1. Restricting attention to region 28-43, which residues are closer than 16 Å to SER2 by Cβ and small (Gly, Ala, Ser)?
Amino acid sequence: GSAFIGVSPEFEMAIFTILFLTSTAKSSTAVVNLDEYQLELVVYRHGRSIGTAYPKLLSSNNRHL
């Protein structure tokens with residue numbers, strides 16, 4: 001699994017809930033650019049509930065990763 005570091009649990013719940021509510025597809029993704037990072041947010045639907053949700057790092061301009 002993966003998670004954001006340095007953000008509140010409320011932020012994570014809110015961002016994934018918004019992605020969940022904006023689509024009725026089995027899986028939803030959104031690409032987000034934050035500073036020097038490009039993330040893909042992924043949400044899998046299990047009926048009328050969130051099955052799983054996680055961020056995935058696509059790219060970074062940070063040389064320390």
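The values are calculated or read from the model by the stated rules, or taken from the named source; none is laboratory data. The model shown is predicted, which means the values in this text are computed figures rather than measured ones. All Cβ positions, even for glycine, are placed from backbone atoms using ideal geometry, and neighbour counts span all protein chains on display. All accessible areas refer to the heavy atoms of the entire protein, side chains included, with ligands and DNA or RNA removed. Shrake-Rupley method; radii C 1.70, N 1.55, O 1.52, S 1.80 Å.
1. ALA30, the sole residue that qualifies.
Residues are listed down the side, and each one gets a yes or a no for (1) open to solvent by less than 50 Å² (accessible area, probe 1.4 Å); (2) among the charged types (D, E, K, R):
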{"position": "ILE5", "(1), (2)": "no, no"}
{"position": "PHE11", "(1), (2)": "no, no"}
{"position": "GLU36", "(1), (2)": "no, yes"}
{"position": "HIS46", "(1), (2)": "no, no"}
{"position": "ALA53", "(1), (2)": "yes, no"}
{"position": "LEU58", "(1), (2)": "no, no"}
